[in-house]
Amino acid sequence: MVAYWLMKSEPHVYPWEQLVEDEHTHWDGVRNYQARNTMRDDMKEGDLVLFYHSNTKPPHIAGVARVCREGYPDHTAQDSNSNYFDSKATAENPRWIMVDIEPVEAMDNIVTLPDMKANSALDGMPLLAKGSRLSVQSVPSEHFAEVRRMGGLQ
DNA sequence: GCCAACGTTGGC
DNA sequence: GCCAACGTTGGC
């Protein structure tokens, strides 16, 4: 049973094009407990992910990715040279978790936030909720299908 | 366990 | 650059 998710990345930090070039990546740097718990407990290999570009004009979904490795310790938390260093993280208690994802398909045309807000078929989508800030979040399957359709994918 | 202060996210 | 919304920290 495939589940659907959405992950946010700022394009000047790690864009979709970089994921395509890298072929897969580990999703390090998440330092929010709710997002961590989702990666640790809920995201399974084969689940599909909407790759969202935040903090850009306009914010948009760039493509679809797939979980290719389930939750494991985010080693950057134990690296004092990393921006994501957390002094409370240890080998015994890594505190932060990441998954690996790989690209599946780019949108034929990007799906912008205003277009999603204007589409009543997406009413109730967590991304569109007021004050939504979670960088890893669930996507209802019917919303996932609608976003793919909006992006021009079969 | 409360809550004020502070830091971050992210659309606009 | 602004600021609303939200999460975390730490004193009490």
Q) Based on DSSP H runs of at least 4 residues, each adding -39500 (n - 2.57), what is the mean residue ellipticity at 222 nm of chain A after dividing by all its residues, to the nearest 500 deg cm²/dmol? A) -4500 deg cm²/dmol
**Q.** Positive minus negative residues near A:Ala65 (Lys, Arg vs Asp, Glu; Cβ under 13 Å)
**A.** -4
Q. Taking Cα centroids, how far is the range A:133-154 from the range A:31-53 in Å?
A. 14
Q.
Could you give the length gained by full extension between A:Arg69 and A:Thr56, i.e. 0.36 nm per residue of separation minus their alpha carbon distance, to one decimal place?
A. 1.9 nm
**Q.** Volume in Å³ per residue [convex hull over Cα atoms, computed for the range A:1-85]
**A.** 104
Q. Put +1 on the Cβ of every Lys and Arg and -1 on every Asp and Glu Cβ in chain A; which of A:Leu19, A:Val67, A:Leu134 then has its Cα farthest towards the positive end of the dipole?
A. A:Leu134
Q: Could you list A:Arg133, A:Arg36, A:Arg69 in order of exposure, starting from the residue whose Cβ has the fewest other Cβ atoms within 10 Å?
A: A:Arg133, A:Arg69, A:Arg36
Q.
Report the gain in length on full extension from A:Asn109 to A:Gln154: 0.36 nm times residue separation, minus Cα-Cα distance, nm rounded to one decimal.
A. 14.9 nm
Q | Inter-probe distance in nm under a simple model that places probes 7 Å from Cα toward Cβ, at A:Gln34 and A:Ala145 | A | 2.7
Q) Taking chain A as the region of interest, what is the percent of Cα-Cα pairs per 10 angstrom bin, listed from the shortest bin to the one with the maximum distance? A) 11, 41, 35, 11, 2
Q.
Would any residue of the range A:30-48 have its amide N under 18 Å from a label point 7 Å out along Cα→Cβ of A:Phe85? List them or say none.
A. A:30-31
Q. When the Cα atoms of the range A:76-154 are enclosed in a convex hull and the volume is divided per residue, what value in Å³ results?
A. 153
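We did not get these values from a lab; they are worked out from the coordinates using the rules stated. Since this is a predicted model, take the numbers as computed values, not measurements. Glycine gets a Cβ as well: all are built from the backbone with ideal geometry, and neighbour counts include every protein chain shown.
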